Amino acid sequence: MAQSVLGRAPSMPYAYMGLPVNSVCRKASRQTARSYKLACRRAWREAVSARLARGAFVLASVLSRTASPFRTAAAALVYLSAGCAARLRHISNGKTFTLLTAPKTAEMKKPGHLRVNTALAFAAAGVLLFAASIYRVGLEVVLDGESIGYVSRQGIVEDSIAVVSERASEILGRPFTITPDISYRFSIVNKNKLFDSEGVEAGLLSNIPDIDRLCVLIVNGEQIAAAWTPGEIQTVLNEILAEYPSSGRTTFTQEVSIQSQMASLSLLTAPDDLRAKLKSPVSGELKITVNEGDTLDSIARAYRLPVDEILSLNPGVAYPLARGRELLLRRAKPLLSVTYSEHVSFLEEIPYEVVYVDDPLLWAGETKIVTEGSDGEALVRAVNTSVDGYSPETDEIGRLVVTEPVAETIAVGTRTRETTGTFIRPYYGQIASNYGMRTLFGRREMHYGVDFRGPRGDPIIAADGGVVTFAGTMTGYGLVVFIDHENGYKTVYAHSSKLHVRVGQRVGQGEHIANIGSTGRSTGNHLHFEIQVNGVARNPMTYLNQNN
């Protein structure tokens, strides 16, 4: 046994470690007092650290296997305290005094064990703090003898009962009041497992016999049907879409979704019944019979429908509407409509443009095609979209011009028909007889005009602009035209084979009015041309512009 600094082991009982050691030290030599105190402190620290480490080990091992960590922590803490007290008593009784050795021996002790024990002590405290941050005291909710979860306070359950009653009434479609048999008991629980009001409401709803969590088909925000698995509903939806050609794209016109919800068991629907329900009409078909006097506009106003919609529902409708014909104003719409779209390509005509140019040689109001127009052709790519096979719409997405169109050019006359006050030759043929006395058919008589010889059918033009006062047959003149130039002058064009004007028509200088002929008192095809001034015939050659 190691020799103490006093030469013997202390046998005096100590109330606690500090005072006896200090008493012994005062009796010892002052040279060894400091080392003696250091050895006593080390003994104290080793005792506490060893018991803390042992308590932490027991606490950690039990925590990994138990669901009641607070009870285990309390037991470990009691064990740690009792162990430390026992250790101190053991030292105070002098049974373990190896640390109270000579100063030299005490100074040779290594501090490594002390640091390890201290670290283990802090680890044990950390485990206790960690457990306190995760677990807390809560209330276990027992509904009809069965636990449904944990809450932090009783008021959460009481507030949820009224909400669940209202929610159950909405789900079932009838008044419903929940009267549960609920009891509570305290428990230590992971705070992450504590229910909020939503969790309690879900638990209460799930315990109502006519309500369960189902896969619900929602169409435009309305519950339509339900099934236990989403696959049962999705299969029916896929079968409806599969009725259309696979070359295009099919989607539902309405907003459709399958959601997991608390719903009434009455929504459960067999696949065949669901298919029939989705295809059943929600609005009936509307047809009318056209009556006498009905028009598309009057029908559209009467039924408050766009004319375009009526035309789209009745392709090939003709104007005017035939009496007794049936018109479709509204087609039957199913509960779930399908929009079908496909890419198409087709050739489309490109209409040619018409270009108008002024032509001073044509009379005002007259037109003449200078260049014939022709349509072009383009290859069009588009998307055809229809709903339930009706009302197809085409949206163009691209085009390639195959043949460019050729514009048509039309000349528009700008020549005026007003009187100019000058006269031009009505025909450019050779003069056969001048103005004055002449012998014809053996008789000498006055010739009041000028004859221009020419082949039958050649055009005769007006010497000046004016108004046609006579156009027809006259004795001696045959087919003749009289033009009043509204300035005291008149001109006469006789013996024509064909007339191109009518009485009251305004003509312009140089306009085609008749054709060379030999009608009336004539000896051959020619034009008899006269100019009358205030009703008196004058020699035309003195009035004609010889440059024309």
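The values are calculated or read from the model by the stated rules, or taken from the named source; none is laboratory data. Every value quoted in this text rests on a predicted model; they were computed, and no experiment measured them. Note that each Cβ is placed from the backbone with ideal geometry, even for glycine, and that neighbours are counted across all protein chains shown. Note: accessible area is taken over every heavy atom of the protein model, side chains too, but ligands, DNA and RNA are not part of it. Shrake-Rupley method; radii C 1.70, N 1.55, O 1.52, S 1.80 Å.
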How large a share of the accessible area of the range 215-286, in percent, is made up of carbon and sulfur atoms when the probe is 1.4 Å and the other protein chains stay in place? 51 percent
Quick one: divide the alpha-carbon radius of gyration of the range 412-548 by 2.2 N^0.38 Å and tell me what you get. 0.98
For a quick check of your reading of the filter: which GluC sites (Glu not before Pro) in the range 356-428 sit in a DSSP loop and have no more than 11 other Cβ atoms within 10 Å? E372
Cα gyration tensor, the range 204-360 - rounded (a/c under 1.5), prolate or oblate: prolate
For the range 265-326, report the accessible area per residue in Å² (1.4 Å probe, heavy atoms, rounded to an integer). 69 Å²
Sequence-distant residues sharing a close amide H with A411 (under 5 Å, placed H): V357, K368, I369, V370
For the range 172-287, compute the orientation-averaged projected area of the C-alpha convex hull (one quarter of its surface), in nm². 12.1 nm²
In a solvent-free Debye calculation with one equal scatterer on each Cα, what is log10 I(q)/I(0) for the range 319-442 at q = 0.18 Å⁻¹, listed in the order of the q values? -1.06
Would you kindly state how much longer the chain becomes between D375 and S280 on full extension, computed as 0.36 nm times their sequence separation minus their alpha carbon distance, in nm to one decimal? 29.4 nm
I'd like the carbon and sulfur percentage of the solvent accessible area for the range 360-515, probe radius 1.4 Å, heavy atoms only, ligands and nucleic acids excluded. 52 percent
Rounded accessible area per residue of the range 345-460, 1.4 Å, Å²: 64 Å²
Can you give me the long-range amide H partners of G472? Hydrogens built in the peptide plane at 1.01 Å from N, cutoff under 5 Å, separation of 5 or more residues or another chain. V480
Around A225, which amide H atoms from residues at least 5 apart in sequence, or from another chain, sit under 5 Å from its own amide H, with H modelled in the peptide plane? L217
Can you give the accessible area of E170 in Å² (nearest 10), computed on protein heavy atoms with a 1.4 Å probe? 120 Å²
